[in-house]
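The values are calculated or read from the model by the stated rules, or taken from the named source; none is laboratory data. These figures come from a predicted structure and were not determined experimentally. Neighbour counts are summed over all protein chains in view; Cβ atoms, including those assigned to glycine, are modelled from backbone coordinates with ideal geometry.
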Amino acid sequence: MKMPVKFKTYCPFCRNHQTHEVEKVKKAKTTGLHWIDRQKARRGAVGNMGKFSKVPGGDKPTKKINVRYRCKTCGKAHLRAGFRAGKFELTE
Ligand SMILES: [Zn+2]
């Protein structure tokens, strides 16, 4: 989908419509050290791995996109619920 870089929308800080700039939210990096990873490491790799034997599911055809809306008047940014789109483009 295409989205304009600047458009007027509601700012929850100013409590009215202001010009907003769109920024894509970058995905946070994970360290890969969650309890499930440690549990998997403890199990060893002999025989049936139980729930770890599951075949991982395929990727969804579209990815969820998170966008940050920054108000030009107060400089504060707010988020809205992410949406799914195959391609995401910012247009002038
Ligand atoms: Zn504002």
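For this structure, a couple of remarks:
- All positions within region 52-69 that are of a type outside the set (Ser, Thr, Tyr) and either exposed (fewer than 10 other Cβ atoms within 10 Å of the Cβ) or in contact with a Cys (Cβ under 6 Å, 6 or more places away or on another chain) (or both): LYS54, VAL55, PRO56, GLY57, GLY58, ASP59, LYS60, PRO61
- Residue, nearest to PHE13 (Cα to Cα), within region 68-92, restricted to residues that are more than 14 Å from the ligand (Cβ to nearest atom) and assigned to a loop (DSSP other than H, G, I, E, B): ARG80
- Some residue of region 70-90 being acidic (Asp, Glu), surrounded by 12 or more Cβ atoms within 10 Å (Cβ to Cβ) and either at positive phi or in contact with a Lys or Arg (Cβ under 8 Å, 6 or more places away or on another chain) (or both): no
- If the condition is being closer than 20 Å to THR91 by Cβ and free of Cβ contacts under 8 Å to residues at least 60 places away in the same chain, then region 1-17 contributes PHE7, LYS8.
- Scanning region 6-51 for residues being on the phi < 0 side of the Ramachandran plot, at pLDDT below 90 and either β-branched (Val, Ile, Thr) or part of a loop (DSSP other than H, G, I, E, B) (or both) gives a total of 14.
- Just one residue in the set LYS40, LYS51, LYS63 is within 18 Å of the chain's Cα centre (by Cα) and more than 16 Å from the ligand (Cβ to nearest atom); that residue is LYS63.
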